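Shown next, in structure tokens, is the structure this report addresses.
The values are calculated or read from the model by the stated rules, or taken from the named source; none is laboratory data. Computed from a prediction, not measured in an experiment: that's the story for all the values here. Virtual Cβ from ideal backbone geometry, glycine too; neighbours counted across all protein chains shown. Protein only, heavy atoms only, side chains kept; ligands, DNA and RNA dropped before computing areas. Shrake-Rupley method; radii C 1.70, N 1.55, O 1.52, S 1.80 Å.
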Amino acid sequence: MLAYLPRPPADTSRYGTFPQKPDLPAAPGALGEDGGQQAAATTAKRSAPMPNYPSAPRHSGFVPGEPSLLPSRGSLTTQQHRGHPSWCPPPAPQEAGARFYPLHALSVANIPNSSHGKTSARSSTIPAPEGLQSRRCKLLEEDSPMAQASKRQRQRYVTKVGKCQVNLGNIQDKKRFLSDIFTTIVDLKYRWFLFVFMMCYVITWVVFGFIYFFDAWVRGDVGHQGDPEWRACIENVDGFVSALLLSVESQRTIGYGTRMVTANCAEGVILLIAQSIVGSMIDAMMVGCMFVKISRPKKRAQTLIFSKNCVISRRDEKLCLMFRVGDLRESHMVDAKIRAKLIKSRQTAEGEFIPLEQSELNLGYDTGEDRLFLVEPQIICHVINRHSPFWDMSAESLRREQFEIIIILEGIVEATGNRCLAAGMTCQARTSYTEDEILWGYRFEPCMSLEKGAFQVDYSRFEMTFEVQTPAASAKELHELKELEQQEHSTLSLYWDHLLQPCALPGP
């Protein structure tokens, strides 16, 4: 439970969990005439609360339809050193005339960074994209001793293979398990299941063998072995071992013909009928449990795979969290549905602590996108909007969060040649993603191609991702920036329309 609490900061800085790099004085050539303005803006930036997105864009850099993410010159020094550890290299300078990539990510893997040897004094203040710099620093942080210790202490709610890490204890009313004995036996591990399977038969054989021996001993059949004039109830039973063999032969319908129950006594006939009924009940129950144990839909879930990591990038100008699912079998799932849960502890406004609170992540329930036709690998998308719990999360705040995303894929196993074996059984596959397994600014590589008139799926590329240009700000901040630019654009349009409007001539 403590693993899902927010991570406390490691130092007095409230912007990260790593020591911060001190601000270095800028070079005299890089300051130029704007040196005084940069120092004043940097001082004001430090005193104000740190935003996760850069300042409002200038009118000269406004591009319609693309929200600007270029930071102001005054806030460069603060953004360069506050969001990254001391061992992260400074961003490479770019030319002032260099064109930045648009907000929407390019669908090309390994986008090269264009840089030139010489830059002007003013262009040295323009940093590299913040997303690329933060991802470069994240790789260095993962190798640090603090990150390795945090991963070792991390307790998952659900493992990657779908096993729930929850142990139930102090159950007082355990007789409820006996009321559902069939499910209890099926849920046993294989070693205990085989032990129960064998003991059910062995115990009944021993119990009825003892009863046979006791009946033969009371009636005197044991003492009159070989007497042709003695009318025995149970023939050829001279000890417990021979009575045990009679019990096994009677229940398993072997019948070697030497030991048998005769019609000279009524209790022997009743005993044989009772053993036959009990044996049939044990066969029906144990064989049914064995059949269900072997053909459980849980085994079908082993061929449903999930990507190792989640990715966050832009899709249709919206910030989205995505992961990939696939089915390795040619027999497909019928009516496959997928859903996601966010596991995170929080404290309410009244001071109540809720450990491991579960909240729903919308994977397209309102549009029907959560129902899958799982023939080829599918990329599942969660749009980060104002109803999403990740609305306020940025690339910087993602590293300080503690949560887990549980993915649940359900479907009915498609009927094969034996309809009684597979039809109608519901299968469920699960996996989980922690905050360390979410890649900001990446996409999945395509794994399908058209070959010889059919679509070919290459599962060797199932886990592959490539880096794309993605803003490091949260979806909320991007939405606010877009609204601000739209408002500025509309204001300028009204201003120019007012200036260009011809003056109305006075009437006669």
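Tabulated data for the structure shown
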read-out: Residue match in region 237-247 (condition: over 60 Å from the mean Cα position of the chain (by Cα), in a helix (DSSP H, G or I) and over 25 Å from CYS200 (Cβ atoms)); value: no
read-out: Per-region count, region 199-233, residues open to solvent by less than 70 Å² (accessible area, probe 1.4 Å), farther than 20 Å from GLY279 by Cβ and touching an Asp or Glu at 6+ places or on another chain (Cβ under 8 Å); value: 4
read-out: Condition met for ASP173 (touching a strand residue (DSSP E or B) at 6+ places or on another chain (Cβ under 7 Å) and assigned to a loop (DSSP other than H, G, I, E, B)); value: no
read-out: Conditions (1) out of contact with any strand residue (DSSP E or B) (no Cβ under 9 Å at 6 or more places or on another chain); (2) outside any loop (DSSP other than H, G, I, E, B); (3) not charged (D, E, K, R); number of the one not met by VAL269; value: (1)
read-out: Selection status of ASN236, within 30 Å of LEU328 (Cα to Cα), touching a Ser or Thr at 6+ places or on another chain (Cβ under 9 Å) and open to solvent by 40 Å² or more (accessible area, probe 1.4 Å); value: no
read-out: Checking SER313 against (1) in a strand (DSSP E or B); (2) open to solvent by 20 Å² or more (accessible area, probe 1.4 Å), the condition it does not meet; value: (2)
read-out: Odd one out for ARG329, checked against (1) in a helix (DSSP H, G or I); (2) surrounded by fewer than 17 Cβ atoms within 10 Å (Cβ to Cβ); (3) more than 19 Å from the chain's Cα centre (by Cα); value: (1)
read-out: The listed residue being surrounded by 13 or more Cβ atoms within 10 Å (Cβ to Cβ), modelled with pLDDT of 90 or more and in a helix (DSSP H, G or I), out of MET281, MET286; value: MET286
read-out: Residue match in region 448-465 (condition: within 19 Å of VAL311 (Cα to Cα) and open to solvent by less than 60 Å² (accessible area, probe 1.4 Å)); value: yes
read-out: Count of residues meeting criterion [part of a strand (DSSP E or B) and either within 27 Å of ALA472 (Cβ to Cβ) or charged (D, E, K, R) (or both)] in region 362-410; value: 11
read-out: Candidates SER345, SER359, filtered to the one that is in a strand (DSSP E or B), free of Cβ contacts under 8 Å to residues at least 40 places away in the same chain and among the polar types (S, T, N, Q); value: SER359
read-out: Which listed residue is at positive phi and of a type outside the set (A, V, I, L, M), from GLY257, GLY288, GLY223, GLY268; value: GLY257
read-out: Residue match in region 175-184 (condition: acidic (Asp, Glu) and over 24 Å from ILE277 (Cβ atoms)); value: no
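Conditions tested, residue by residue: (1) farther than 22 Å from ARG315 by Cβ; (2) of a type in the set (A, V, I, L, M, F, W, C); (3) at pLDDT 95 or above; (4) within 17 Å of the chain's Cα centre (by Cα).
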position	(1), (2), (3), (4)
GLU357	yes, no, no, yes
ASP366	no, no, no, no
LEU374	no, yes, no, no
GLN402	yes, no, no, yes
ALA429	yes, yes, no, yes
THR434	yes, no, no, yes
GLU437	no, no, no, yes
ASP458	yes, no, no, no
